[in-house]
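Asks: Encoded as structure tokens, here's the structure I'll be asking about.
What follows draws every value from the coordinates through simple rules; no lab data is involved. Because the structure is predicted, anything quoted here is derived from the model rather than measured. Don't worry about glycine lacking a Cβ; one is built from the backbone with ideal geometry, like all the others, and counts go over all protein chains shown.
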Amino acid sequence: MLPRALLLFAISLLLPGCSLFMPRFEKPTVNVAAIQFTGGNLLEQHFRVTLAVQNPNHRDLPVKHLLAQLRSGGEEIASGESAQAFTVPAMGSANFDVTVTANIALALFQAAKHKQDHSPVDYEVSGVIDVDLPFLRTIPFHQTGNFGLTGS
């Protein structure tokens, strides 16, 4: 009985120490800082999108890779990935580029359908950020929303 009690006591002492190895982590926020057209044709366009990442954590965020998709009306409109690794400083921000391939013709078709009945255009942005941190390898992200089309 005594060894079992000692084992339970030892485990109860070690559990709070786990929080040292797995500190609280808040998801970073990502905003578009710039978009530059780099070429393409009617069916496929290429862009360099500069994203600004804000890190609300008290430790650096080493990003190895980022992959993202933009969907509207159930169709993939654009997808892209980061060109190189980067680090977002603790409690700071960093800009990085994502190479994006888009189908603007499909996006315009989706917009035209919604403009006829004045309904908002739904969109979905999702992807994953691969990070180089112990106990945390990927950070998935997903955002949905809509925007209205106005004008004649």
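Asks: How big is the range 24-147 in terms of Cα radius of gyration and Dmax, in angstroms?
Replies: Expressed in Å, the Cα Rg and Dmax of the range 24-147 come to 16.0, 51.
Asks: Shifting gears a bit: Quick one: net charge of Glu124's neighbours, Cβ under 15 Å, K/R +1, D/E -1?
Replies: -2
Asks: Here is a follow-up. Report the calculated FRET efficiency for His46 and Gln143 (r = Cβ-Cβ distance, R0 = 30 Å), to the nearest 0.05.
Replies: Working: r = 23 Å, r/R0 = 0.77.
After rounding to 0.05, the efficiency reads 0.85.
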